[in-house]
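Peer 1: Here's a structure for you.
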Amino acid sequence: MLHIDSERLWSSLMELARIGATPKGGVRRLALSEEDRGGRDCFVAWCRAAGMAVDVDAIGNIFARRTGTEPGLAPVAMGSHLDSQPSGGKFDGAYGVMAGLEVVRTLDQAGVRTRAPLEVVAWTNEEGSRFVPTLMGSGVYAGVHTLEHALQQRDVEGTSVRDALAAIGYAGSAPAHPLAAYFEAHIEQGPVLEEQGRTIGVVLGALGQRWFDVVVLGQDVHAGPTPMQTRRDALLAASRLVGEVHRIGSTYPDYARGTVGFMAVKPNSRNVVPGEVRMSVDLRSAEWSTLDAMVQDLERCIGTVQDDCRVEVRLDEVVAFPPSRFAADLVGSVRDAAERLGHPHLDIVSGAAHDAVYLSRIAPTAMIFVPCAGGISHNELESARPEHLAAGCDVLLHAVLRRAQVAGADRLAAGG
Ligand SMILES: [Zn+2]
C-alpha cells in the first residue's frame with residue numbers, strides 16, 4: 001500500500017509553526033493578521049511548487065487544485081484551516097491542510113494520477129477569535145452566512161473582514177464550485193483516542209449545540225440581619241442549576257454534554273446575599289430530539305428552582321446548531337482505510353464544530369481524528385505524535401483515492 005512521507009509531513013508542520021510561533025511552543029496566527037498572511041503565503045508557495053493551480057475566493061478561502069485525468073469531474077477536496085487561537089497550538093487546523101498537501105506530494109512522487117481532480121483547501125477564520133462568527137470561510141462557502149454579512153464583521157479595533165482581507169492580499173474572486181467530497185483530518189482535541197489506545201477516530205458526525213444566556217434575579221440584602229428563609233438568593237438558585245445542567249449532560253444518551261462555563265455574580269461581596277447572577281448554559285447531543293428533551297428538562301428545573309428560591313430566571317437561546325451526520329460511504333472508506341493500514345480505530349462523534357460540519361451541508365463529507373497529548377488543544381502546549389499524524393494522513397490518502405479513483409485502475413484490474 002502507498003504511504004505518505006511521515007518526515008516530510010512533520011517538517012512541513014514544524015516549518016509552518018514557525019510563522020507566528022510563541023515562546024511556549026505554540027502558534028498565534030489570528031485570522032487575516034500578518035501572521036495569517038505568512039502562513040497562507042507559505043502554503044500557497046508549497047502548492048505552486050507541487051504544480052497546483054491556486055485560487056482564492058471572495059472570503060479568502062484558498063483552493064489549490066491538482067488536475068485529474070477527467071477534468072470535468074467535480075474535485076475531491078481535503079482541508080482545514082491555517083488560522084489559530086490567540087495562544088493556539090501547532091496542529092489544530094494546520095494538520096488538515098498540511099495532510100492534504102502531503103497526499104498530493106505523495107501521489108506526485110509515486111506518479112499516481114486520479115480521475116477526479118484533487119483540491120487542498122484552507123478555509124478562512126475557522127477559530128472566530130478575531131472575527132465572529134467562527135467557521136466563517138466554510139460558512140460562506142456552504143451558504144450558511146452571506147458573503148456581505150461576513151465581510152462587514154469587525155474586530156475589537158474596528159477593522160472589517162473586507163479591509164483585513166484586502167490588506168493581506170487574499171480578497172479573491174474565484175466562484176464557488178461543487179465538490180464531489182470533502183475530507184478533513186484533525187487532531188481530536190479531546191482525550192478519548194489516547195485513553196483507549198486508538199490511533200484513528202472514524203468521525204460519524206458532530207454534536208448539535210444549543211447555547212443559552214441565563215439571568216437569575218433575586219434580591220441583594222445584608223448577610224447578617226436577613227434570616228435564611230426570607231432570602232431570594234440568586235447564587236443559590238444558579239448553583240442548583242449548575243448541578244442540574246451537569247445531571248442533564250450526564251444522563252441523556254447520544255453523547256450528551258451539559259456545561260455552565262461562565263458566571264457573573266452581583267454584587268459579589270462577601271457579606272451580601274447575591275441578588276443577580278448571569279450565566280451560560282451549553283447543551284450538546286448527537287440527536288436533535290435528545291437536545292429538545294434536554295432543553296425541556298432544563299426548563300422544568302428552572303420552574304422548580306424559581307419556586308424554591310423565590311427568584312426569577314430568564315432563559316435566552318443564543319445559538320442553535322443542528323447535529324451533523326457525515327456521509328456513510330465516506331465514513332466507511334475512512335474506517336476501511338484504517339483497517340487495511342492496520343491502525344487501531346474507534347467510531348467517534350466530534351464534540352466541537354469544524355469546517356467539515358458546514359461542508360457536510362453541501363457535499364458528502366467525512367473527518368479523520370488522530371490523538372493529541374492529554375486531549376489538550378486551543379493551548380500552546382498542544383502536541384501530537386509524528387507517527388499518529390502520519391497514520392491519519394495515510395488514512396486520508398486511501399480514503400481520497402477510493403473516492404477520486406486512480407486513473408487506469410479499471411484497465412489494470414481488467415488486465416489491460
Ligand atoms: Zn481546528
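Peer 1: Of all residues in segment 26-39, count the ones that are surrounded by fewer than 24 Cβ atoms within 10 Å (Cβ to Cβ) and either part of a helix (DSSP H, G or I) or more than 23 Å from the chain's Cα centre (by Cα) (or both).
Peer 2: Qualifying residue count, segment 26-39: 4.
Peer 1: Can you tell me which condition Val132 does not meet? The list is (1) over 30 Å from His3 (Cβ atoms); (2) aliphatic (A, V, I, L, M); (3) surrounded by fewer than 23 Cβ atoms within 10 Å (Cβ to Cβ); (4) modelled with pLDDT of 95 or more, and all the others hold.
Peer 2: (4)
Peer 1: Need pairs with beta-carbon distance below 9 Å; first residue within 15 Å of Asp394 (Cα to Cα) and polar (S, T, N, Q) and within segment 319-335, second modelled with pLDDT of 95 or more and in a loop (DSSP other than H, G, I, E, B); sequence gap 6+ or separate chains.
Peer 2: Within 9 Å, no pair qualifies.
Peer 1: Follow-up. For segment 15-25, give me each residue that is touching a residue at least 24 places away in the same chain (Cβ under 8 Å) and more than 21 Å from the chain's Cα centre (by Cα).
Peer 2: Glu15, Thr22, Lys24, Gly25 - these are the residues of segment 15-25 that are touching a residue at least 24 places away in the same chain (Cβ under 8 Å) and more than 21 Å from the chain's Cα centre (by Cα).
Peer 1: What's the total number of residues in segment 129-145 that are among the small types (Gly, Ala, Ser) and either touching a strand residue (DSSP E or B) at 6+ places or on another chain (Cβ under 7 Å) or within 11 Å of the ligand (Cβ to nearest atom) (or both)?
Peer 2: Qualifying residue count, segment 129-145: 2.
Peer 1: Considering only residues that are within 14 Å of the ligand (Cβ to nearest atom) and among the acidic types (Asp, Glu), look in segment 65-98 and name the one that is farthest from Ser383 (Cα to Cα).
Peer 2: My answer is Asp83.
Peer 1: At pLDDT 95 or above and among the β-branched types (Val, Ile, Thr): which single residue out of Val242, Val319 fits that description?
Peer 2: Val242
Peer 1: Could you please find all residues in segment 187-199 being part of a loop (DSSP other than H, G, I, E, B) and either within 16 Å of Ala99 (Cβ to Cβ) or away from the ligand (no atom under 16 Å from the Cβ) (or both)?
Peer 2: Scanning segment 187-199 gives Glu188, Gln189, Pro191, Gly197, Arg198, Thr199.
The rows are residues; the columns are (1) over 29 Å from Tyr141 (Cβ atoms); (2) in contact with a strand residue (DSSP E or B) (Cβ under 8 Å, 6 or more places away or on another chain); (3) part of a strand (DSSP E or B).
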residue: Ala164; (1), (2), (3): no, no, no
residue: Tyr170; (1), (2), (3): no, yes, no
residue: Ala185; (1), (2), (3): no, yes, yes
residue: Pro225; (1), (2), (3): yes, no, no
residue: Ala237; (1), (2), (3): yes, yes, no
residue: Leu241; (1), (2), (3): yes, yes, no
residue: Val245; (1), (2), (3): yes, yes, no
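Peer 1: Please work out if Val103 is surrounded by 23 or more Cβ atoms within 10 Å (Cβ to Cβ), away from the ligand (no atom under 16 Å from the Cβ), under 22 Å from Thr365 (Cα atoms) and within 16 Å of the chain's Cα centre (by Cα).
Peer 2: No, not satisfied.
The values are calculated or read from the model by the stated rules, or taken from the named source; none is laboratory data. On a predicted model such as this, the values are computed, not experimentally measured, just so you know. A quick note on method: Cβ atoms are made from the backbone with ideal geometry, for glycine too, and the neighbour counts reach across all protein chains shown.
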